[in-house]
Amino acid sequence: MAAAGLVRAARRRSRQFFDIFVAEIPWTVSSKELKEYFSQFGSVQRCQLPFDRDTGFHRRYCWIKFSTPEDAQNVLKKDSHILEGSKLTLKQQTHRRRSQRRNPRE
C-alpha cells in the first residue's frame, strides 16, 4: 500500500512544470548549492537534479522551479552564471499541455 502512494507522488512530481533548465553543472555541485545560488534571484520552490543509478553521480543538468515567473525572469536577465569555475547553460522551459505536444510520447 505504501509503495502505491510513493508511485502516485512520483507521478505528481513529474507532471510539475519547471521554469529553468540548467546544464553543464560541475560534478562537485549539489542540489543544495544550486538552490542556494539561484535563491539570490527569487524564491526557489524546487531543484530537481537527477542522478545516474549506475555511477552514483548526478547527470550534470537540473530543473529549477521558482515561486513566481518574475523570479525566473530575474535569472534569465543575468548574462552568465558561473559555479565553481564552470559556466552554466540556462534555457527557459516552455510550458505546453500534453494535448499541444507534437510527439504524443512526450
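The values are calculated or read from the model by the stated rules, or taken from the named source; none is laboratory data. Only a predicted model underlies this, so the values are computations on that prediction, with no experimental measurement involved. For neighbour counting, all protein chains shown are included, and Cβ atoms are generated from backbone atoms with ideal geometry for every residue, glycine included. What goes into the accessible areas is simple: the full protein's heavy atoms, side chains included, and nothing from ligands, DNA or RNA. Shrake-Rupley method; radii C 1.70, N 1.55, O 1.52, S 1.80 Å.
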* **segment 66-81, subset open to solvent by 50 Å² or more (accessible area, probe 1.4 Å) and touching a strand residue (DSSP E or B) at 6+ places or on another chain (Cβ under 7 Å), residue farthest from Phe18 (Cα to Cα)** => Leu76
* Residues satisfying the stated conditions in segment 53-73, i.e. under 16 Å from the mean Cα position of the chain (by Cα), of a type outside the set (Val, Ile, Thr) and farther than 19 Å from Val29 by Cα -> Phe66, Ser67, Pro69, Asp71, Ala72, Gln73
* Asked: Would you pick out the residues in segment 32-46 that are under 13 Å from the mean Cα position of the chain (by Cα) and either modelled with pLDDT under 95 or open to solvent by 90 Å² or more (accessible area, probe 1.4 Å) (or both)?
  -> Lys32, Gln45, Arg46
